[in-house]
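J.: Pasting a structure below so you can have a look.
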There are 2 protein chains.
Amino acid sequence: MPLGERAGDKSESRYCGVETEFHDDMPQLLAHNVSSGGFDFVVSPLMDPSYRPSLMDRDHGGSGVLPFAGSDLVLSPSHWSSHVVGKISSWIDLDSEDEILRMDSEITLKQEISWASHLSLQACLLPAPKGTSCANYARCVNQILLGLNSMQLWLRIPLLKTDDDSMDVNPTNLVDSWELWNSFRMLCEHHNQLSIALDVFSIPSANSLGRWFGESVRAAIIDTDSFLTNSRGYPCLSKPHQKLITGFFNHSIQIVVSGKPVHSLPKGSRDLAANHNDSNFDGVQGHPLRPYLDYIGYLYQRMDPLPEQERFELGYRDFLQSPLQPLMDNLEAQTYETFEKDAVKYIQYQRAICKALQDRVPEERLSMTSTVLMVVGAGRGPLVRASLQAAEETGRKLKIYAVEKNPNAVVTLHSLVKLEGWENIVTIVSSDMRCWDAPEKADILVSELLGSFGDNELSPECLDGAQRFLKDDGISIPSSYTSFIQPVTASKLYNDVKSHKDLVHFETAYVVKLHNVARLAASQPVFTFTHPNRSTKRSNQRYKKLQFEIPSDTGSAMLHGFAGYFDATLYKDVHLGIEPSTATPNMFSWFAIFFPLRTPVIVHPGSALEVHFWRCCGPTKVWYEWCVTSPCRSPIHNSNGRSHWVGL
Amino acid sequence: MPLGERAGDKSESRYCGVETEFHDDMPQLLAHNVSSGGFDFVVSPLMDPSYRPSLMDRDHGGSGVLPFAGSDLVLSPSHWSSHVVGKISSWIDLDSEDEILRMDSEITLKQEISWASHLSLQACLLPAPKGTSCANYARCVNQILLGLNSMQLWLRIPLLKTDDDSMDVNPTNLVDSWELWNSFRMLCEHHNQLSIALDVFSIPSANSLGRWFGESVRAAIIDTDSFLTNSRGYPCLSKPHQKLITGFFNHSIQIVVSGKPVHSLPKGSRDLAANHNDSNFDGVQGHPLRPYLDYIGYLYQRMDPLPEQERFELGYRDFLQSPLQPLMDNLEAQTYETFEKDAVKYIQYQRAICKALQDRVPEERLSMTSTVLMVVGAGRGPLVRASLQAAEETGRKLKIYAVEKNPNAVVTLHSLVKLEGWENIVTIVSSDMRCWDAPEKADILVSELLGSFGDNELSPECLDGAQRFLKDDGISIPSSYTSFIQPVTASKLYNDVKSHKDLVHFETAYVVKLHNVARLAASQPVFTFTHPNRSTKRSNQRYKKLQFEIPSDTGSAMLHGFAGYFDATLYKDVHLGIEPSTATPNMFSWFAIFFPLRTPVIVHPGSALEVHFWRCCGPTKVWYEWCVTSPCRSPIHNSNGRSHWVGL
């Protein structure tokens, strides 16, 4: 049964498993651990650990029946698949110097996986590679993966605090287990059915741990040894461990309890929930690991419910969307509807417009001056409303032109103006701002043309076209905006891009609600645009070379691409943006953008990551190109905008 | 006019060019340098070097006609394309800190290339990158390459002796120009129209120079400063330079002479060929660089003519062929014909059979003993003949079974036996050796089932099947064989594989006459098979981990894949093979094999190259898998034999 209910959370992390020894009676094993023990699933060996193929041969013995834990008939197919994760014999060692052991290991591994997939298990747990070399193990697993049904293979990887984490300068031989995982998955070509079960030995630094949240971690194995004892004799976890477990919950990682009970509880005690508030404990003298499960359940239930916005965005997590093409395509009503609901954004606009109006018209000239404000790209009118509210708030008189190229939105605009009685103030213009012949010049130009990466929906080109009808001393809101990028590990996104098996998807920037990603360094500014732009030789082409440094305690990490953000100055100190360190809170109009890399790049601590971004402009389109030149060289992505571009 | 005639040589290196200054009268330039000067082509600027787009703009001046060297009408299209290589303005600097210079450079580069391709020039020479950073230059060139006709772009790269070459341990700032080239071409994704013009400044070590012969070098530019003066006042080159030039000739690299004449020749001298044997000099007081051209021509003509075998193999150089599938397919008459001509191979077999017969039958028992010899895979009979000749040579009595599965070859065998009158000695068996029910056991089993990689045509499986009818103390010829691999730079092969745009071709081993490759380290043994194989648990699966070390004076190099060879012990000290260090001379039955890598790997000196090869066996096929695990991890290639396998 799940650990509990957490409002909004539908992730796998509600389920908790237990690692067991081999038992030849699987129904009894499940009865003990699941039905009465309270765990959701067992991680159990499928084959008698004493079995060795080479010994079998020599004896010519037996009936040819392999020593599996029960036939497929002892449980219903759905019981097998929902409650059993197969644990592959841990003695296997495919990279041993001993050829017989290698051969035995390969045969056994293939037999057990074949049996597990016959049972339609959801996953098997593969033992951790024994040494630092794992090529033969990976070769064998890769062969299996290519012929596998939908079963996942969880590679057991120790989670360790390495010397790097402690910033110690003395080099030691302690290997970073991430490197082991990385070798293995690269040899298996990032196969999406190969994932990780972290075996928690110790807790690395936040940066080192953070890497894993961009990888495909499915389970975390906590040994009973990791638990402390509270004042009443019950198991509990240290604060760092609690934080670790909560981190796992937040990244949809299932907990598996492992090991022997190491706490002797007060006899007959019914008060297992002694120092935590809630427990489903039923009083039966049951499973010896039940107190550990209860504690994990307590941690789960103790978490805050998901905030409203997070719940709304849950379905978008790590889901790639193509960015809008607002110039070439007309937005649909549904899209306008969604974006208009973003109250925070329009409050910021209103604040900016207020300040601009106050600067433009001093108090003493309030009554005689009327300000000409043009909303360019008015859509269905939210900025018209914000402007009028700003006028009311500041007592300034306004004359508004609402310019909109989408004739469908213009229909709505007309109704709105009529409904609100704004006919004397607002003039609706059904035209593209780049070719409209304005009857007078504007004091203030207000627009909301920004994409997740700032200029990526061609705000610069549109506003360059519109500034013809802005007075020489006129104000543009926004007055400037800057894009940002940040290197990320994002194996889920990488695999989704890769699944299309073409170049185009690897050279496309996506809008995405980033969740299971590791942010490897602080973001850095890329391109800035300022409006109005009065320079005579203006070009919206840009080129930026960036250098990132990965914190040394992170260890090596995999770079799958770049998260992109923007920050805009609407007017003076009023800004709006999604760059993580300065993001406007509670705004939902923009997810981040994601620029993938065709080949993921391993970044080692201490070696610089050098990245180049270009904004290129042609007669009919604008596009980005990007590449990495250090620590290695990628090809130039999206050359000539061959894969992805925004039409003018 | 070409440098001269060299028997068998049809390569581009017969042509010699000259680098010139800008001249606005192209016909006159050609008349001077080609018609009367004797060069085959000029490398000349196409545009006035004083042109700057940004200055043009500011002046609003001119008619809008760009200052190109003459219109396309001043020469016929074929003159333009056969005699002019466009030299792109050398002032361009796309990675300058100065944005105006960057912009001017991009505009100019695109204008000049556009003009050159309008003229259908065969190539343009791009100036060397100015600094160590070349990302923006590469981005721009990459954009051009993607839209280019068949024109080649030669990137000028200085050939320098670096400190690494001199084995100096002091690190210096002198950059290895190979790194520059490598950055550039990786950013341009190994585009096959991007190649190299080496600008010879100094001569690096043999290993360092060797790298370039695996790269796409089209031209080598020799400055007149590089020439010495001989005792008669004429230009000549040092021995190392002579060797360098000969190396270029051997790798189809054209020479371009550059610079001002620095030798003042004896006035009116007609004896330009003073210390070289041959010259086409016509006595006209012509081109000031003519003595340099003559000297280059002298070096060309002085080379040995291509040997017969090289001439025969010329058309196969660096041409990828699929290996034979001799078990699944029956060879054709043409194929038998070709292989039977390899006299050296059968002489080695005959020597081995002689020794085996002598060991088998002592002199004193000569008359009473008849040896049973079975040729398994007899084809059209060359080994039958070699066996009979060995019997005659040693005076041993033979009884031969000639086993052949190809019924077409059996027809020829029957005719041969009849024609030669061997009916009493030779029994022809039309059967697959793996299932033939032999009437008696053999003393000697002779086979020629080896492929370029030894076991790759399934000799092990065939001989395992045949050894049933070999006496316990019987002899197999060959008695063992070993495969070898060697890391190579082979950009031509890589691009040919890549051109198929699929995975299959990157996971196939090819038979190929290696020519323009750089062998980065000595070859190492991979798999060995010994026959007969009497072990009870025999398996023909193999796994080998290899470590190569690139000589430190090589510098970094690109690994495109592995050359594969074999060496076989026929009997005792009689061997046969193509492994370079021990190859049997004048044998033409086998080219090397080439295992490509899906992504080329940069190997740095000092860091180990670790490679894994597997020979995998399934019920119906045998295949290889391979991967690199150091300095980086490749995916496992050809998992499950998905792309390439040999059918049983």
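J.: Given the conditions (1) in contact (Cβ under 8 Å) with a residue 24 or more places away in the chain; (2) assigned to a loop (DSSP other than H, G, I, E, B); (3) of a type outside the set (Ser, Thr, Tyr), report the number of the one that B:Arg633 does not fulfil.
T.: For B:Arg633, the exception is condition (1).
J.: Could we say that A:Ile88 is more than 14 Å from every other protein chain (Cβ to nearest Cβ), aliphatic (A, V, I, L, M) and within 24 Å of A:Ser216 (Cα to Cα) here?
T.: In short, yes.
J.: I want to confirm something. Restricting to the stretch A:629-639 and keeping residues that are more than 7 Å from chain B (Cβ to nearest Cβ) and within 13 Å of B:Glu189 (Cβ to Cβ), which single residue is surrounded by the most Cβ atoms within 10 Å (Cβ to Cβ)?
T.: This residue is A:His637.
J.: Something else: For the stretch B:453-490, which residues satisfy the criterion of being touching a helix residue (DSSP H, G or I) at 6+ places or on another chain (Cβ under 6 Å) and among the small types (Gly, Ala, Ser)?
T.: B:Ala490
J.: Suppose the filter is assigned by TED's automatic domain parsing to the domain that holds B:Val43, closer than 30 Å to B:Leu30 by Cβ, at pLDDT below 95 and of a type in the set (Val, Ile, Thr); does B:Val65 pass it?
T.: It is true that B:Val65 is assigned by TED's automatic domain parsing to the domain that holds B:Val43, closer than 30 Å to B:Leu30 by Cβ, at pLDDT below 95 and of a type in the set (Val, Ile, Thr).
J.: Looking at B:Ser78 and the list (1) within 14 Å of chain A (Cβ to nearest Cβ); (2) within 24 Å of B:Leu145 (Cα to Cα); (3) without any contact (Cβ under 8 Å) to a residue 40 or more places away in the chain, which single condition is not satisfied?
T.: Among (1) within 14 Å of chain A (Cβ to nearest Cβ); (2) within 24 Å of B:Leu145 (Cα to Cα); (3) without any contact (Cβ under 8 Å) to a residue 40 or more places away in the chain, the lone unmet condition for B:Ser78 is (1).
J.: In the stretch A:341-355, which residue that is within 19 Å of A:Ser476 (Cβ to Cβ) and of a type outside the set (Ser, Thr, Tyr) is surrounded by the most Cβ atoms within 10 Å (Cβ to Cβ)? Explain how you work it out, then say what you get.
T.: Step one: list which residues in the stretch A:341-355 are within 19 Å of A:Ser476 (Cβ to Cβ), which gives A:345-346, A:348-355.
Then drop every residue that is not of a type outside the set (Ser, Thr, Tyr), which leaves A:345, A:348, A:350-355.
Values: A:Lys345: 23, A:Gln348: 21, A:Gln350: 22, A:Arg351: 19, A:Ala352: 27, A:Ile353: 31, A:Cys354: 21, A:Lys355: 19.
Only one residue tops the list, namely A:Ile353.
J.: While we're here: When the stretch B:143-164 is examined, which residues are found to be part of a loop (DSSP other than H, G, I, E, B), away from chain A (no Cβ under 14 Å) and modelled with pLDDT under 95?
T.: Answer for the stretch B:143-164, where residues must be part of a loop (DSSP other than H, G, I, E, B), away from chain A (no Cβ under 14 Å) and modelled with pLDDT under 95: B:Asn149, B:Ser150, B:Leu160, B:Lys161, B:Thr162.
J.: Let me ask another. Can you name the residue in the stretch B:385-415 that is within 14 Å of B:Val429 (Cα to Cα) and among the aliphatic types (A, V, I, L, M) and is also surrounded by the most Cβ atoms within 10 Å (Cβ to Cβ) among such residues?
T.: Taking the candidates together, the pick is B:Ala402.
J.: Would you mention how many residues in the stretch B:180-226 are more than 22 Å from the chain's Cα centre (by Cα), closer than 17 Å to B:Ile253 by Cβ and within 14 Å of chain A (Cβ to nearest Cβ)?
T.: Within the stretch B:180-226, residues that are more than 22 Å from the chain's Cα centre (by Cα), closer than 17 Å to B:Ile253 by Cβ and within 14 Å of chain A (Cβ to nearest Cβ) number 0.
J.: Let me ask something additional. Report yes if B:Val611 is among the β-branched types (Val, Ile, Thr), surrounded by fewer than 21 Cβ atoms within 10 Å (Cβ to Cβ) and assigned to a strand (DSSP E or B), otherwise no.
T.: Against the criterion (among the β-branched types (Val, Ile, Thr), surrounded by fewer than 21 Cβ atoms within 10 Å (Cβ to Cβ) and assigned to a strand (DSSP E or B)), B:Val611 does not qualify.
J.: Still on this structure: State whether the residues of the stretch B:108-126 include one that is of a type in the set (Val, Ile, Thr), surrounded by fewer than 17 Cβ atoms within 10 Å (Cβ to Cβ) and over 17 Å from B:Trp154 (Cβ atoms).
T.: Looking through the stretch B:108-126, none of the residues is of a type in the set (Val, Ile, Thr), surrounded by fewer than 17 Cβ atoms within 10 Å (Cβ to Cβ) and over 17 Å from B:Trp154 (Cβ atoms).
J.: Give me the residue from the stretch B:395-438 that is free of Cβ contacts under 8 Å to residues at least 24 places away in the same chain and outside any helix (DSSP H, G or I) and, out of that set, farthest from B:Gln358 (Cα to Cα).
T.: Checking each candidate, the answer is B:Asp437.
J.: Ok, one more. I need a count of the residues in the stretch A:97-136 that are within 11 Å of another protein chain (Cβ to nearest Cβ) and either among the charged types (D, E, K, R) or out of contact with any strand residue (DSSP E or B) (no Cβ under 8 Å at 6 or more places or on another chain) (or both).
T.: Qualifying residue count, the stretch A:97-136: 8.
J.: Here is a further query. Looking at A:Ser589, A:Ser581, A:Ser556, A:Ser552 in this structure, which one is within 14 Å of chain B (Cβ to nearest Cβ) and surrounded by fewer than 24 Cβ atoms within 10 Å (Cβ to Cβ)?
T.: Matching residue, one of A:Ser589, A:Ser581, A:Ser556, A:Ser552: A:Ser556.
J.: Does the stretch A:454-469 include one or more residues that are outside the structural domain of A:Ala386 (by TED's automatic domain parsing) and not in a helix (DSSP H, G or I)?
T.: yes
J.: Looking at the structure I just gave you, is A:Gly564 away from chain B (no Cβ under 14 Å) and surrounded by 21 or more Cβ atoms within 10 Å (Cβ to Cβ)?
T.: yes
J.: Counting only residues that are at pLDDT 95 or above, touching an Asp or Glu at 6+ places or on another chain (Cβ under 8 Å) and more than 10 Å from chain B (Cβ to nearest Cβ), how many does the stretch A:597-612 have?
T.: Residues meeting the conditions: 1.
J.: Could I ask something else about it? Listed residues A:Arg615, A:Arg642; which is charged (D, E, K, R), more than 23 Å from the chain's Cα centre (by Cα) and within 11 Å of another protein chain (Cβ to nearest Cβ)?
T.: A:Arg642
J.: Pick out the one residue from A:Val384, A:Val426, A:Val403 that is modelled with pLDDT of 95 or more and in contact with a helix residue (DSSP H, G or I) (Cβ under 6 Å, 6 or more places away or on another chain).
T.: Result: A:Val426 is the single residue among A:Val384, A:Val426, A:Val403 that is modelled with pLDDT of 95 or more and in contact with a helix residue (DSSP H, G or I) (Cβ under 6 Å, 6 or more places away or on another chain).
J.: Residues in the stretch B:68-96 that are modelled with pLDDT under 95 and of a type in the set (D, E, K, R): how many?
T.: Residues that pass the stated criteria total 1.
J.: Further question: Within the stretch B:549-568, which residues are in contact with a Gly (Cβ under 9 Å, 6 or more places away or on another chain) and part of a strand (DSSP E or B)? Please lay out each step first, then the result.
T.: To start, the set of residues in the stretch B:549-568 that are in contact with a Gly (Cβ under 9 Å, 6 or more places away or on another chain) comprises B:549-550, B:552, B:554, B:557-558, B:560, B:564-568.
Answer for the stretch B:549-568, where residues must be in contact with a Gly (Cβ under 9 Å, 6 or more places away or on another chain) and part of a strand (DSSP E or B): B:Ala557, B:Met558, B:His560, B:Gly564, B:Tyr565, B:Phe566, B:Asp567, B:Ala568.
J.: Output the residues belonging to the stretch B:1-28 that are over 34 Å from the mean Cα position of the chain (by Cα) and either assigned by TED's automatic domain parsing to the domain that holds B:Asn516 or surrounded by fewer than 21 Cβ atoms within 10 Å (Cβ to Cβ) (or both).
T.: Selection gives B:Glu21, B:Phe22, B:His23, B:Asp24, B:Asp25, B:Pro27, B:Gln28.
The values are calculated or read from the model by the stated rules, or taken from the named source; none is laboratory data. Predicted model only: the values in this text are computed from it and were never measured. Note that each Cβ is placed from the backbone with ideal geometry, even for glycine, and that neighbours are counted across all protein chains shown.
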